[in-house]
């Protein structure tokens, strides 16, 4: 069983008995490790973190058996890395209007709607899906729509700033307009900053998440 097969299985929920069966199928080792794994409280969540010293302490004394089991564990590690890379950390969408008044003006009271940009932050990428609507004047056609997806490598992000953008006084007083937060992202391969338009408070949360992920990627590159 390859790491690609394991990535589609929920192996981190395996019990000690299921993990022992995996080792047996993967290594052709006759020993049944279920009792030993259960005694040591080793399950599918712990298995990818095991080392050869751990196996020796658990009682796998034969060098050949340890090497075979470690090869199976390495496959689990690769599958876990694949799952981590595809895991979605945050999803959001562009806040296009600061008030209902602006929405009414720019969409003709909803007769000419506009689609927002969609944001997806995963383990190592920030994806921005930008719709390109086919229009006849201000009216949206029912065909010919396209979109672009900008995939930004987290390791290329150099700076993340948040700017609070308050609404005009009139709209704030009479239309219930709310402050936006613009998340400004500077990358190493693009001189122009990428701007995500978010609700107040959300921009700061997403900024912290992106910065944490940048630090994770930098540590991985150093190691």
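Any read-out appearing in this document is the output of simple, stated calculations on the displayed coordinates, not a laboratory observation. Predicted model, so just to flag it, every value in this text is computed and none were measured. All Cβ positions, even for glycine, are placed from backbone atoms using ideal geometry, and neighbour counts span all protein chains on display.
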Mind sorting 50, 19 by how few other Cβ atoms lie within 10 Å of their own Cβ, fewest first?
50, 19
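When a footprinting reagent is the concern and you count Cβ atoms within 10 Å, what order do 70, 1, 220 take, fewest first?
Numbers: 70 17, 1 14, 220 10.
Listing 70, 1, 220 from fewest to most nearby Cβ atoms yields 220, 1, 70.
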Nearest 10, in degrees from 0 to 90: the angle of helix 202-222 to the longest Cα principal axis of the chain is 40
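Remind me, relative contact order of the chain in percent, using alpha carbon pairs under 8 angstrom and six or more residues apart?
Numbers: 324 pairs, mean separation 30.1, N = 223.
In percent, rounded to a whole number, it is 13.
How large is the helix-only mean residue ellipticity at 222 nm for the chain, computed as the sum of -39500 (n - 2.57) over DSSP H runs with n ≥ 4, divided by its residue count, in deg cm²/dmol to the nearest 500? Show your work: numbers first, answer last.
On the way: 8 runs with 89 residues, N = 223.
Result for the chain: -12000 deg cm²/dmol, rounded to the nearest 500.
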Principal axis extents for the stretch 1-129, Cα atoms only, whole Å, descending order, please.
75, 24, 22
Can you tell me the equivalent ellipsoid semi-axes for the stretch 17-74? Use √(5λ) from the Cα gyration tensor, largest first, whole Å.
14, 13, 11
Taking neighbour counts of Cβ atoms within 10 Å as a proxy for exposure, in what order, fewest first, do 154, 73 appear?
154, 73
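Given a Förster distance of 25 angstrom, what is the FRET efficiency for residue 107 paired with residue 209, based on the Cβ-Cβ distance and rounded to 0.05?
Once rounded, the FRET efficiency stands at 0.20.
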Which one, (i) 7, 23, 21, 19, 14, 10, 5, 1; (ii) 8, 26, 31, 22, 9, 3, 0; (iii) 7, 24, 29, 25, 11, 2, 0, gives P(r) over Cα pairs in 10 Å bins from 0, in percent as derived from the coordinates shown?
(i)
Space enclosed by the convex hull of the alpha-carbon atoms of the stretch 108-162, per residue, Å³
122
Helix 63-86 versus the longest principal axis of the chain: what angle, 0 to 90°, nearest 10, using Cα atoms?
10
